[in-house]
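Chemist: One structure, pasted below without further comment.
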Amino acid sequence: MSRRPITEDDLQAFVDQALDPPRRAEVEAYLEAHPEVAGRIEGYRRQRAALRAAFAPVADEPLPPELSLARLIEARRRTRTVWWRAAAAALLLGLGGGAGWSLHQAVAPEAPAGPGGILALAQEAADSYAVYAPDRVQPVEIRADQQARLVAWASQRLQRPVKVPDLTASGFRFMGGRLVATPHGPAVLFMYDDDRGTRLVVLSRPMAVERDAPMAERSKGDVAGFTWAQQGIGYSLVGPLPPDRLHPLADTVRRQVAPDA
């Protein structure tokens with residue numbers, strides 16, 4: 001067996017039955033040696049089984065046309081920012097995400113978000129961070145081992161090539177990502193983890209306005225954010241690091257996703 005430490009992500013992947021056989025065996029051995037962790041994971045497994053059983057009949061039903069992704073995105077485009085924030089707040093309360101909402105407040109810009117510009121993107125990244133980063137069950141929809149699938153899917157939905165930044169040299173492992181519906185169209189979210197519980201989020205989408213904008217800090221408290229746009233694509237990096245630590249990471253992302261990189 002390898003000596004790679006068992007992380008929280010490994011435990012959650014064990015619950016989701018998403019580990020390969022060798023890694024699953026390592027996790028099982030770890031749980032046998034740590035009964036207190038095994039009890040917690042067994043609780044997660046029971047919850048997962050109960051949820052699957054409860055929603056199995058619904059999952060088999062065809063999706064109503066009014067709930068298609070295209071119609072939902074169009075509806076969100078017409079929704080004012082205040083309603084987007086209210087929806088995010090309702091979701092967080094439903095998930096018991098009080099801590100996540102505090103993070104949302106911490107990175108909210110002082111000026112109101114414009115119609116699809118840099119401030120709006122910074123707010124969308126803050127909302128996405130607050131919803132998904134604290135999630136210990138399914139923070140990403142497509143895991144890192146399916147990166148090619150994620151890139152193809154996101155590139156198709158955003159209608160332009162997507163690049164996944166590599167922050168390994170900075171100590172952050174790529175976890176995976178998902179598509180996120182925003183009031184200004186679909187965006188792709190990439191998530192990173194330092195295997196000690198610190199997570200970063202990169203949110204990117206096409207920009208209808210402010211297609212080229214210099215990097216600007218959108219931070220408050222202990223959570224920092226840096227947002228910029230280049231050649232019609234906007235990017236926002238958010239994480240619970242001091243700005244002086246997050247800024248070099250944002251520069252790394254900017255260099256890697258540049259069109260001529």
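Chemist: Take segment 128-156 and flag every residue that is crowded, with 17+ Cβ neighbours inside 10 Å and charged (D, E, K, R).
Modeler: Arg143
Chemist: Please list, ordered by first then second residue, the pairs with beta carbon atoms under 8 Å, 6 or more apart or interchain, first in segment 213-242 and farther than 20 Å from Ala258 by Cβ, second in a strand (DSSP E or B) and acidic (Asp, Glu).
Modeler: Ala224/Glu217
Chemist: Kindly indicate whether Arg218 is farther than 22 Å from Gly117 by Cα and surrounded by 19 or more Cβ atoms within 10 Å (Cβ to Cβ).
Modeler: Working: farther than 22 Å from Gly117 by Cα: no; surrounded by 19 or more Cβ atoms within 10 Å (Cβ to Cβ): yes.
No.
Chemist: Taking segment 144-172 as the search range and keeping residues that are free of Cβ contacts under 8 Å to residues at least 12 places away in the same chain and among the polar types (S, T, N, Q), which one is nearest to Ala18 (Cα to Cα)?
Modeler: Among them, the one singled out is Thr168.
Chemist: Something else now. Asp260 passes all but one of (1) assigned to a loop (DSSP other than H, G, I, E, B); (2) more than 24 Å from Asp10 (Cα to Cα); (3) touching a strand residue (DSSP E or B) at 6+ places or on another chain (Cβ under 8 Å); which number fails?
Modeler: (3)
Chemist: Only one of these is assigned by TED's automatic domain parsing to the domain that holds Ile233, surrounded by 14 or more Cβ atoms within 10 Å (Cβ to Cβ) and at pLDDT 85 or above: Ala106, Ala89, Ala125. Name it.
Modeler: Working: Ala106 fails: at pLDDT 85 or above; Ala89 fails: at pLDDT 85 or above.
Exactly one residue qualifies, and that residue is Ala125.
Chemist: Which condition from (1) closer than 20 Å to Gln256 by Cβ; (2) in contact with a strand residue (DSSP E or B) (Cβ under 6 Å, 6 or more places away or on another chain) is the one that Ser170 breaks?
Modeler: So the condition that Ser170 fails would be (2).
Chemist: With respect to Gly177, determine if the residue is at pLDDT below 90, closer than 26 Å to Phe14 by Cβ, surrounded by 13 or more Cβ atoms within 10 Å (Cβ to Cβ) and in the same structural domain as Leu203 (by TED's automatic domain parsing). Break it down into steps so the answer makes sense when it comes.
Modeler: Working: at pLDDT below 90: no; closer than 26 Å to Phe14 by Cβ: yes; surrounded by 13 or more Cβ atoms within 10 Å (Cβ to Cβ): yes; in the same structural domain as Leu203 (by TED's automatic domain parsing): yes.
No; evaluated as a whole, the condition is false for this residue.
Chemist: Right, another one. On the basis of being surrounded by 11 or more Cβ atoms within 10 Å (Cβ to Cβ), at pLDDT 75 or above and charged (D, E, K, R), does Glu32 make the cut?
Modeler: On the way: surrounded by 11 or more Cβ atoms within 10 Å (Cβ to Cβ): no; at pLDDT 75 or above: yes; charged (D, E, K, R): yes.
Here the answer is no, as Glu32 does not meet what is asked.
Chemist: Continuing with this model, one more query. I'd like the full set of residues that are acidic (Asp, Glu) and either over 20 Å from the mean Cα position of the chain (by Cα) or not assigned by TED's automatic domain parsing to the domain that holds Arg205 (or both), limited to segment 243-261.
Modeler: At the first step, the residues of segment 243-261 found to be acidic (Asp, Glu) are 244, 251, 260.
Of everything in segment 243-261, those that are acidic (Asp, Glu) and either over 20 Å from the mean Cα position of the chain (by Cα) or not assigned by TED's automatic domain parsing to the domain that holds Arg205 (or both) turn out to be Asp244, Asp260.
Chemist: So which residues in segment 143-189 are assigned to a loop (DSSP other than H, G, I, E, B) and of a type outside the set (Phe, Trp, Tyr), if there are any at all? Show your work before the answer.
Modeler: Step one: filter segment 143-189 for residues assigned to a loop (DSSP other than H, G, I, E, B), giving 159-167, 171-172, 183-184.
Selection gives Gln159, Arg160, Pro161, Val162, Lys163, Val164, Pro165, Asp166, Leu167, Gly171, Pro183, His184.
Chemist: With (1) under 21 Å from Asp251 (Cα atoms); (2) among the acidic types (Asp, Glu); (3) without any contact (Cβ under 8 Å) to a residue 60 or more places away in the chain as the list, and Glu141 as the residue in question, which single condition is left unmet?
Modeler: So Glu141 meets the others, but not (1).
The values are calculated or read from the model by the stated rules, or taken from the named source; none is laboratory data. Remember, it's a predicted structure, so these values are computed and weren't measured experimentally. Positions of Cβ are backbone-derived with ideal geometry, glycine not excepted, and every protein chain shown enters the neighbour counts.
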